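These notes are about the structure you will find just below.
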Amino acid sequence: MDPTEVAELVRQEMPECQVEVQVDGNHYMVVVVGEVFEGLSTIKRQQMINKALFHKVMDGTIHALHPKAFTPAEWAERQG
C-alpha cells in the first residue's frame, strides 16, 4: 500500500491533522500531528490512528503499524 493512500485514510478520520507515513515493506510508521490529541494519553492517541487503519491491518495489507501522535506544540519541541 502506497504511503499516500495510508495518509489519506488517516486524514479521512482526522482531517485537521498533518500526516506523515514511512513505509518499509509492509511495516508502516504513521506520524500524526494535531490539536485533537491535546490532553489525551499515548494509548488513546494511538487508538485513534489504529481506528483509521483497522481494516488494512485486519486484511493483512499493513502487517505492522507504528502510530505516533503529537500535538503541534509537542511536534515543534521534537523538531528542535
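The values are calculated or read from the model by the stated rules, or taken from the named source; none is laboratory data. Just so we're clear, the structure is a prediction, and the values are computed from it rather than from any experiment. FYI the Cβ positions are ideal-geometry reconstructions off the backbone, even for glycines, and counts take in every protein chain you see. Heads up: the accessible areas ignore ligands, DNA and RNA and are worked out on the full protein's heavy atoms, side chains in. Shrake-Rupley method; radii C 1.70, N 1.55, O 1.52, S 1.80 Å.
Numbers at a glance
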| read-out | value |
| --- | --- |
| Candidate set: region 16-28, residues that are of a type in the set (A, V, I, L, M) and within 9 Å of the chain's Cα centre (by Cα); chosen: the one surrounded by the most Cβ atoms within 10 Å (Cβ to Cβ) | Val19 |
| Scope region 54-80; condition in a helix (DSSP H, G or I) and under 12 Å from the mean Cα position of the chain (by Cα); matching residues | Phe54 |
| Residue among Val57, Val31, Val36 that is in contact with a Lys or Arg (Cβ under 6 Å, 6 or more places away or on another chain) and aliphatic (A, V, I, L, M) | Val31 |
| Condition check for Leu9: in contact (Cβ under 8 Å) with a residue 24 or more places away in the chain, open to solvent by 20 Å² or more (accessible area, probe 1.4 Å) and within 13 Å of the chain's Cα centre (by Cα) | yes |
| Of the criteria (1) open to solvent by 50 Å² or more (accessible area, probe 1.4 Å); (2) at pLDDT 95 or above; (3) not hydrophobic (A, V, I, L, M, F, W, C), which one Asp2 fails | (2) |
| Residues located in region 29-53, provided they are surrounded by 12 or more Cβ atoms within 10 Å (Cβ to Cβ) and either at pLDDT below 95 or in a loop (DSSP other than H, G, I, E, B) (or both) | Gly34, Leu40 |
